[in-house]
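Below is one structure, written out as structure tokens; comments come after it.
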Amino acid sequence: MSDEEFPLLSELKKGPWPSFVKEIEKTAEKKPEMKDLLKQLERSYEDKITYWKHGGIVSVKGYGGGVIGRYSFLAKECPGVAEFHTMRVNQPAGWFYTSDALRTICDIWEKYGSGLTNMHGSTGDIILLGTTTQNLQPCFNELAKNGWDLGGSGSALRTPSACVGPARCEFALIDTLELCYDLTITYQDELHRPMWPYKFKFKIAGCPNDCVAAKARSDFAIVGTWKDEIKINQEEVKKYAEAGVDIKTQVVDNCPTKCIEYDEEKKELKIDNSNCVRCMHCINVLPKALKPGDERGAVILMGGKAPILEGPVMGWVVVPFIKAEKPFDEIKELAEAVWDFWDENGKFRERLAELIERVGMMRFLEAIGVEPDPRMIKEPRANPFYFWREEDLKERTNPWEIWRRAESE
């Protein structure tokens, strides 16, 4: 593709980083219709508006989700992407793949789709970008034949996701992979058949470091924690100090509840565990000297969400400690109690956070059978992300006027 033909997109090929424009260009050499994708993107950058329209429900036999319908407002000008649906494929727990598995899925997508993928989408699924309505069913059939399944979309349970957990992380306090797999298999009906007011997400983090951003990105965050005291190895504390680690500045002063004391003369740490909030900062800085306690389980936070336009909130601690061992009955019973209340009381497209805000935490706790706890603090838990500034919001033409004009051109 010439830079003169797509001057704005060509800017995105400059610099040392990988460019999605270059990858689309390579794809267009094998699939000429992908040039229409570049054409539509260039037009979107020119007009500062997307030309994708949400296509409603398109799916495969027996499923209500797993496919995001996408159609172009520029179907006449860009017929190659008139239908450009996204397929979400359920990822394995922890996102572990064999090279054979990746080759298989790429071969299937080359055959039935654009060949473009997004590893992984914000929900966690493998995202296969761009196919036609006609190719959805044969593509799904071949995916299923090779052991793959679709993930969640629409007003359904979204594909549960988890950090790599005990597979390769020394900080994992619970088996995130086993729990993620168990929830996925247990709730196949909720995953594939949209039945709720809106989406619902499980995310599972093995420890408070929360590498999957569970507390910010999921309605039901399961985060590994411990109940007893942090284990201190004073000999290792001394070694850190002698190696030049500034324990007072890097550990004591950064403790959010100021529950750590450091004796500089003896080079020893003392922790008031009754005031520790298990943030894990001290353990991250001194991993050989400090270890989590032995009584391990999970904290459940509810109501986290990060929508693009408005209302991002952090999850609210609802259960400070719960067992996270097979068969995970306590976690499942709690989730099902939440769904019962949300399904009965939630408004159309109302996430769990908004329902709790509307009806109040006391009524919510009563409905799901959880006793109030002083650790269920409301603040600070707002606005974990900044997507725009007030001055960025400029008045513009009604987008529907632009889209209707584009369709009639």
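The values are calculated or read from the model by the stated rules, or taken from the named source; none is laboratory data. Bear in mind that the values here come from a model prediction, so they are computed numbers and not experimental data. Reconstructed Cβ throughout: ideal geometry from the backbone, glycine too, with neighbour counts over all protein chains shown. The accessibility values were calculated without ligands, DNA or RNA, using every heavy atom of the protein model including side chains. Shrake-Rupley method; radii C 1.70, N 1.55, O 1.52, S 1.80 Å.
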Hits in the range 205-253 - residues which are part of a loop (DSSP other than H, G, I, E, B), more than 26 Å from THR159 (Cα to Cα) and under 28 Å from the mean Cα position of the chain (by Cα)
LYS227
Do we find that THR132 is surrounded by fewer than 22 Cβ atoms within 10 Å (Cβ to Cβ), touching a residue at least 40 places away in the same chain (Cβ under 8 Å) and in contact with a His (Cβ under 8 Å, 6 or more places away or on another chain) in this structure?
yes
Quick one: count up the residues across the range 352-366 that are under 13 Å from PHE200 (Cα atoms) and either open to solvent by less than 20 Å² (accessible area, probe 1.4 Å) or without any contact (Cβ under 8 Å) to a residue 12 or more places away in the chain (or both).
3
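Looking at TRP109, TRP148 in this structure, which one is among the aromatic types (Phe, Trp, Tyr), buried (at least 22 other Cβ atoms within 10 Å of the Cβ) and free of Cβ contacts under 8 Å to residues at least 60 places away in the same chain? Even if it seems obvious, please write down each step before you answer.
Numbers: TRP148 fails: buried (at least 22 other Cβ atoms within 10 Å of the Cβ).
Only one candidate qualifies: TRP109.
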Would you call CYS211 open to solvent by 50 Å² or more (accessible area, probe 1.4 Å) and either out of contact with any Lys or Arg (no Cβ under 6 Å at 6 or more places or on another chain) or within 18 Å of ARG375 (Cα to Cα) (or both)?
yes
Filter the range 316-351 down to the residues that are closer than 20 Å to LYS305 by Cβ and of a type in the set (Phe, Trp, Tyr), then identify the one that is most open to solvent (accessible area, probe 1.4 Å).
PHE348
